[in-house]
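Q: Would you mind keeping the following structure in view while I ask a few things?
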Amino acid sequence: MTKPPILSIVMPTHNRAQYAGPAIAGILDYPSRDFELVVSDTSSDGRLTAFLAERPELRNDPRLVLIRPEGPSNLTENHNSAVAAARGTYVCIIGDDDGVSKSLFDAVNWAAKKDVGAISHRILANYAWPDFRSKLVGAGHASRLYLPRRLEPPKWRIAAADLEALLDRGLQGTHETPRCYHGLIKRQKLEQVKERTGAYFHGSSPDMSGAVSLACILERYIEIDIPLTIPGASAKSNSGRSAMNTHKGALLSESQTSSFEHSGWARGVPKFFSVETVWAHAGLTSLIALAPDQLQKFNFVHFLALCRARHPEFDAEIESATWEAADLLSQALLTFQSAVDHEKRKVRRDRYVYLAKRLLRPTAAGGRRYEGGLDDIFAAQRRLNIEMEKMSGSFEDYMRNFDLARTP
């Protein structure tokens, strides 16, 4: 067996060859030989297989590890299969419509030399595919790469404090957390999660599950502003569906959640499919497996208020979850319901304030810096590398004054 590479880039995919194909081509375009691209393909349409068959320079690249898990698989199982097949010292997981930057390879070499367990980057660059649409601005974001305007210095973050903040915001969003999805994690840390829980990821959202689990395992991690990856948003992605407000439904209507209809769904989380409920279910499932004593810190009031404000068509499911949450917290139901209603009004006010501010910047970009006319993630990746070279120089330059020994 050959020596394991320093980096495994992991890409689960399912029936989205129009995005995964250019993403694979872009990653394999990098000259480094000390990485592998693990693509776990559960597709039923055969399109990615055909794409690679027509491009032998990709299919025969020894850095490409293509696996096809046997049997039925949902999103979380596909991620578990993909990470299990990876051999790298460090792991970075991306979606099949995402890309990576040159800085990822520089960062992993730096991390290995310094024996750093995890590096997360603030998501300051992202790409919208040509088919991306939103209810607010239509095609305004399409074919654009959004870029950072400035870069803050790197810093240490305390994982326990970030977990507490994540729980307080109702497990909504993985920003300011140690991430393996769009982050860089030492494989050893992922193995610790599996040893303690039986799997790398749990629940219905691998990105949230990974963030919560790693926050329970790690003491600290480094946060940087240099983009390591490029999150992509396409019409068929969760972010694309969310932008059109179609990313919701019954649990059984989505392969991502259908298996949890009968096998178990977190108490206090309404039984319907949405960004909010999927994140909460995965996060709570991982939390209970690793740090059940932290459950009381989960902000059920804020979480259920978000559900009420954004998904009133699932009122019955939300009402049932409200009963469960009050019971879990040993609170009087009427008192708990009153707190949720009060928070719901605040959530709505915050939304109105956001929309009012957005009207002051009526363009799709809203004042953000961007490059347009980019046909796919491969083109966006090239542009990002050019722009970041202008902004930050080398990764070593960016990290030069960072004090590894300093207590955060």
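The values are calculated or read from the model by the stated rules, or taken from the named source; none is laboratory data. Just so it is clear, the model here is predicted, and its values are computed rather than measured. Here Cβ is always computed from backbone atoms with ideal geometry, including for glycine, and neighbour counts include all displayed protein chains. Heads up: the accessible areas ignore ligands, DNA and RNA and are worked out on the full protein's heavy atoms, side chains in. Shrake-Rupley method; radii C 1.70, N 1.55, O 1.52, S 1.80 Å.
Q: If r is the Cβ-Cβ distance from Asp341 to Arg169 and R0 is 25 Å, what FRET efficiency results, to the nearest 0.05?
A: Values: r = 19 Å, r/R0 = 0.76.
Calculated transfer efficiency: 0.85.
Q: May I ask for the net charge around Leu166, where only other residues with Cβ less than 10 Å from the Cβ of Leu166 are counted and Lys, Arg are +1 while Asp, Glu are -1? The partial results should precede the final answer.
A: Numbers: positive: Arg169, Lys297; negative: Asp162, Glu164, Asp168, Glu176.
That sum, taken over residues with Cβ under 10 Å, equals -2.
Q: Once ligands and nucleic acids are excluded and a 1.4 Å probe is used, how much of Val275 is accessible, expressed in Å² to the nearest 10?
A: Answer for Val275: close to 40 Å² accessible.
Q: Testing the spin-label approximation: label points 7 Å from Cα along Cα→Cβ at Leu333 and Ala161. State their distance in nm.
A: Modelled inter-label distance: 4.1 nm.
Q: Could I ask something else about it? In the stretch 359-408, what trypsin sites (Lys or Arg not before Pro) fall in a loop by DSSP, with at most 16 other Cβ atoms inside 10 Å? Before the final figure, lay out each step's value.
A: Numbers: sites: Arg368, Arg369, Arg382, Arg383, Lys390, Arg400, Arg406; in loops: Arg368, Arg400, Arg406.
Sparse-neighbourhood loop trypsin sites (Lys or Arg not before Pro): Arg368, Arg400, Arg406.
Q: Right, here's the next one. Rg and Dmax in Å for the stretch 16-73, alpha carbons only: what are they?
A: My reading of the Cα-based Rg and Dmax gives 11.5, 36 Å.
Q: Right, something else. For the chain, what is the charge dipole size about the Cα centre, in debye to the nearest 20, if Lys and Arg each add +1 at the Cβ and Asp and Glu each add -1 at the Cβ? Don't skip to the answer; put the middle values down first.
A: Working: 52 positive and 48 negative charges, 225 e Å.
Result for the chain is approximately 1080 debye, rounded to the nearest 20.
Q: Something else: Could you list log10 I(q)/I(0) for the stretch 132-181 at q = 0.16, 0.32 Å⁻¹, which the Debye formula gives when each Cα is one point scatterer?
A: -0.77, -1.14
Q: If you don't mind, there's one more thing I want to ask. Please check: in the Gaussian network model of the chain (C-alpha springs, under 10 Å), which one of Pro292, Pro154, Pro178 has the largest mean-square fluctuation.
A: Pro292
Q: For Arg400 paired with Asp115, estimate the spin-label separation in nm (one decimal), with each label point 7 Å from Cα along the Cα-to-Cβ line.
A: Between Arg400 and Asp115, the simple spin-label model gives 2.6 nm.
Q: Any chance you could list the semi-axes, whole Å, largest first, of the equivalent ellipsoid that the Cα gyration tensor gives for the stretch 251-331, using √(5λ)? List each step's numbers first, then the result.
A: Working: eigenvalues 69, 54, 23 Å².
Semi-axis lengths for the stretch 251-331 are 19, 16, 11 Å.
Q: Where the convex hull is taken over the Cα atoms of the stretch 1-146, what is its projected area averaged over directions, in nm²?
A: On the way: hull surface 41.1 nm².
Spelled out: convex hull of the Cα atoms, projected over all directions, averaged, 10.3 nm².
Q: Shifting gears a bit: Over the stretch 267-408, what is the relative contact order in whole percent, taking alpha-carbon pairs under 8 Å and six or more residues apart?
A: Working: 75 pairs, mean separation 31.8, N = 142.
Dividing the mean separation by the residue count of the stretch 267-408 yields 22 percent.
Q: Need one number: nm distance between label points at Glu313 and Leu359, each 7 Å from Cα along Cα→Cβ, rounded to one decimal.
A: 2.6 nm
Q: Also: Leaving ligands and nucleic acids out of the surface, order Lys271, Lys135 by accessible area at 1.4 Å, largest first. Could you put the intermediate results ahead of the total?
A: Details: Lys271 110, Lys135 140 Å².
Putting Lys271, Lys135 in descending order of accessible area: Lys135, Lys271.
Q: Further, regarding this structure: Of the accessible area of the stretch 310-391, with the probe set at 1.4 angstrom, what percent is carbon plus sulfur?
A: Details: 2860 of 5330 Å².
Answer for the stretch 310-391 is 54 percent, counting heavy atoms of protein chains only.
Q: Looking only at Asn60, Asn299, Asn126, which one moves most when the chain is put into a Gaussian network model with springs between Cα atoms under 10 Å?
A: Per the Cα network of the chain with a 10 Å cutoff, Asn60 tops the list.
Q: With every protein chain in place, what's the accessible area of Asp131 (1.4 Å probe, Å², nearest 10)?
A: 60 Å²
Q: In Å², and per residue, what accessible area does the chain have when probed at 1.4 Å with the other protein chains present? If you can, show how the numbers build up before the last one.
A: Working: 18030 Å² over 408 residues.
So the chain comes to 44 Å² accessible per residue, rounded to a whole number.
Q: Another question about this same structure. Using heavy-atom solvent-accessible surface (probe 1.4 Å) with all chains present, what is the largest-first order of Leu104, Leu334? Write down the numbers at each step before the final one.
A: Details: Leu104 0, Leu334 140 Å².
The residues order as Leu334, Leu104, largest area first.
Q: Another question, if that's okay. Of Lys114/Lys155; Lys102/Lys155; Lys114/Lys390; Lys189/Lys390; Lys186/Lys390, which pairs sit farther than 24 Å apart, going by alpha carbon to alpha carbon? If you can, show how the numbers build up before the last one.
A: Details: Lys114/Lys155 15 Å; Lys102/Lys155 21 Å; Lys114/Lys390 26 Å; Lys189/Lys390 34 Å; Lys186/Lys390 29 Å.
Those over the limit are Lys114/Lys390; Lys189/Lys390; Lys186/Lys390.
Q: Can you sort Leu151, Leu7 by solvent-accessible area, 1.4 Å probe, largest first?
A: Values: Leu151 45, Leu7 0 Å².
Reading off the accessible areas and sorting them downward yields Leu151, Leu7.
Q: For the stretch 352-361, just list the computed ³J(HN,Hα) in residue order, Karplus coefficients 6.51, -1.76 and 1.60, θ = phi - 60°, integers in Hz, with x standing in for Gly and Pro.
A: 5, 4, 4, 5, 5, 5, 5, 5, 6, 10
Q: Here is a further query. Run through all the Cα pairs of the stretch 306-393 and give the fraction in each 10 Å bin from 0, expressed as whole percent.
A: P(r) over the stretch 306-393, rounded to whole percents: 13, 25, 18, 19, 18, 6.
Q: Can you give the longest run of the chain that contains no GluC sites (Glu not before Pro) sitting in a DSSP loop with at most 13 other Cβ atoms inside 10 Å?
A: Details: sites that count: Glu54, Glu70, Glu219.
Excluding the exposed sites themselves, the longest stretch runs over 220-408.
Q: Looking only at the chain, where both bridge partners belong to it, what percent of the DSSP beta bridges are antiparallel (to the nearest 5)? If you can, show how the numbers build up before the last one.
A: Values: 20 of 41 bridges.
Of those bridges, close to 50 percent are antiparallel.
Q: At a probe radius of 1.4 Å, what is the per-residue accessible area of Tyr370, in Å² to the nearest 10?
A: 90 Å²
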